[in-house]
Amino acid sequence: MAEALRVGIAGLGTVGASVARVLRDKAAELTRQCGRDIVVTAVSARDPKRDRGVDLGAAKWFDDPVKLAQTADIDVFIELIGGDEGPARQAVKAALEAGRHVVTANKALLAKHGVALAEIAEKKGVLLNYEAAVAGGIPVIKTMRESMAGNAVTRVFGILNGTCNYILTRMEAEGISFDACLKDAQRLGYAEADPTFDIEGHDTAHKLSILTSLAFGTRIAANDIYMEGISNITQADIRAAADLGYRIKLLGVAQRTESGIEQRVHPTMVPTASVIAQVHGVINAVAIETDILGELLLSGPGAGGNATASAVIGDIADIAKSRPGFQHAPVFGWPAKELEPYKKAQMRSHAGGYFIRLTVHDRTGVFAAIAKRMADNDISLESIVQQAAGPQTQAQKTVILVTHETTEAAVRKAVDGITKDGHLTDKAQVIRIERAE
Ligand SMILES: NC(=O)c1ccc[n+]([C@@H]2O[C@H](COP(=O)([O-])OP(=O)(O)OC[C@H]3O[C@@H](n4cnc5c(N)ncnc54)[C@H](OP(=O)(O)O)[C@@H]3O)[C@@H](O)[C@H]2O)c1
């Protein structure tokens with residue numbers, strides 16, 4: 001049998017401790033599958049005394065993850081600390097420079113420094129594997145990098161944040177407000193004490209930036225993503241969406257267009273009958289649309305110790321099975337040096353259908369004025385419905401518009417015009433509609 005693969009784990013929190021436990025519990029199966037043992041020879045975390053629920057006594061302890069990354073006692077460095085700078089970045093860089101393979105679950109690090117790290121990995125002939133960084137346990141990186149050769153991706157989109165999907169699912173199922181759902185999600189451990197990063201779309205944007213690079217062979221551009229979170233989604237939107245045959249999801253979407261690549265994260269209406277609309281709760285999903293394959297949808301657990309550990313261990317097993325001298329697949333599908341610059345399509349040129357919910361004064365002429373603003377901007381309407389705004393608000397009406405395909409620029413101009421006309425009693429709500437099978 002080949003020599004054991006020696007791994008060093010930096011970070012023994014939710015994911016790191018799960019990885020150590022699964023490596024222990026599944027040692028015999030992994031040895032059979034990989035043709036060699038996988039042994040944890042070194043570990044690092046902040047607190048050496050904390051009980052991790054797994055005996056790591058045989059592994060050498062390092063206070064400093066960079067020292068662990070450089071030790072000669074490991075073949076693979078597993079980074080499960082998190083963060084886009086500091087010890088995670090320094091240790092991953094040090095490990096690659098020392099010629100160690102790296103496995104990480106760190107989307108923030110890859111979104112910011114992924115291309116630079118990939119260049120080091122490719123120069124050193126080692127692997128930088130990161131399946132767990134996007135959609136947790138779903139094997140989307142391998143699918144895009146290795147199983148879709150020859151396909152030209154036209155669009156990739158997904159539900160990439162379990163916290164947001166959990167909140168939207170409960171809002172719809174139970175008719176409760178965003179704030180009440182968020183509080184419950186925090187109590188149940190599905191949302192952080194400071195939930196901004198998740199609910200305002202930053203986490204989705206990090207993951208999307210990695211998918212965009214894999215889909216289109218472009219350099220990662222995590223700062224060039226149009227972003228809107230879910231905190232202003234109300235029961236009125238969810239009910240109106242349902243009446244119209246749609247469900248609201250926070251999607252990350254990357255799409256090739258004539259003017260460049262769109263990267264956007266925002267609440268989106270998808271047809272209730274579409275497959276992605278059936279993805280509920282903390283589950284994640286990624287849809288990949290290509291010229292040969294059509295639309296492929298992968299769904300599954302996007303977070304949690306065991307699901308994330310499953311992806312990390314798949315990455316470790318790939319390294320255990322790889323043979324010295326074998327040419328590895330490039331980190332982002334194309335050699336890092338050949339990734340093209342990212343050509344951004346302006347959000348104003350985005351084309352699609354729109355849902356617009358307006359709360360207006362109940363007076364004559366309002367309906368006609370709204371219709372005129374739409375016509376002035378060449379927006380053709382699929383439907384326009386007027387409703388009572390509610391029992392307490394007899395002086396107000398709700399107008400719900402659904403447009404045929406138009407542009408973001410036209411919608412913004414029309415809504416600005418309606419706002420200036422002085423008919424609105426509240427800010428207009430605009431939600432983009434996404435085509436989905
Ligand atoms: N949790 C998930 O469901 C999930 C899903 C997908 C991806 N990820 C990614 O996986 C990574 C780890 O997430 P997590 O949820 O496991 O985080 P976590 O529970 O907060 O664990 C972080 C670990 O890093 C250690 N650490 C922090 N600073 C350190 C330093 N300077 N030196 C050495 N160790 C240090 C901590 O040590 P102590 O324990 O001693 O404090 C802790 O063990 C992140 O990049 C995250 O984005 C997580």
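Quick note: the coordinates plus some simple rules give every number you see, no bench work behind them. Remember, it's a predicted structure, so these values are computed and weren't measured experimentally. Cβ atoms come from the backbone with ideal geometry, glycine included; neighbour counts cover every protein chain shown.
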Compute the helix-to-body angle for 305-321: its Cα long axis versus the longest principal axis of the chain, expressed 0 to 90° and rounded to tens. 50
Stokes-Einstein D (µm²/s) once Rh is taken as the Kirkwood radius of the chain over alpha-carbon pairs, at 10 °C in 1.306 mPa s: 68
What does the extension gain come out to for GLU340 and THR257, with contour length at 0.36 nm per residue minus their alpha carbon separation? 28.3 nm
Based on alpha-carbon centroids, what's the gap between the range 182-254 and the range 304-369 in Å, whole number please? 11
Pair GLU405, GLU192: separation of 7 Å Cα→Cβ label points (nm): 3.8
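Relative to the present Cα-Cα distance, how much length would full extension add between ALA173 and ARG239 at 0.36 nm per residue of separation?
Once the chain is fully extended between ALA173 and ARG239, it gains 22.7 nm.
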Restricting to bridges with both residues inside the chain, how much of the DSSP beta-bridge set is antiparallel, in percent to the nearest 5? 70
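For a quick check: sort SER213, SER231 by the number of other beta carbons within 10 angstrom, fewest at the front. Please report the intermediate quantities before stating the final value.
Values: SER213 29, SER231 16.
Listing SER213, SER231 from fewest to most nearby Cβ atoms yields SER231, SER213.
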Assuming R0 = 56 Å, can you tell me the calculated FRET efficiency for the pair SER383 and GLN327, based on Cβ-Cβ distance, to the nearest 0.05? 0.50
Any lysines with Cα under 19 Å of the LYS420 Cα? List them, leaving off those in the same chain fewer than 8 positions away. LYS372, LYS397
DSSP-assigned coil residues among trypsin sites (Lys or Arg not before Pro) in the range 341-437, each with at most 16 further Cβ atoms within 10 Å: LYS343, ARG363, LYS427, ARG435
What's the exposure ranking of ILE74, ILE38, ILE9, going from fewest to most Cβ atoms within 10 Å? ILE38, ILE74, ILE9
When the helices in the chain are scored as -39500 (n - 2.57) per DSSP H run of 4 or longer and the sum is shared across all residues, what 222 nm value do you end up with, to the nearest 500 deg cm²/dmol? -11000 deg cm²/dmol
Restricting the count to DSSP beta bridges whose residues both fall in the range 156-273, what percent are antiparallel, rounded to a multiple of 5? 90
Residues GLU228, GLU174, sorted so that the one with the fewest Cβ neighbours within 10 Å comes first: GLU174, GLU228
May I ask for the net charge around ARG145, where only other residues with Cβ less than 13 Å from the Cβ of ARG145 are counted and Lys, Arg are +1 while Asp, Glu are -1? -3
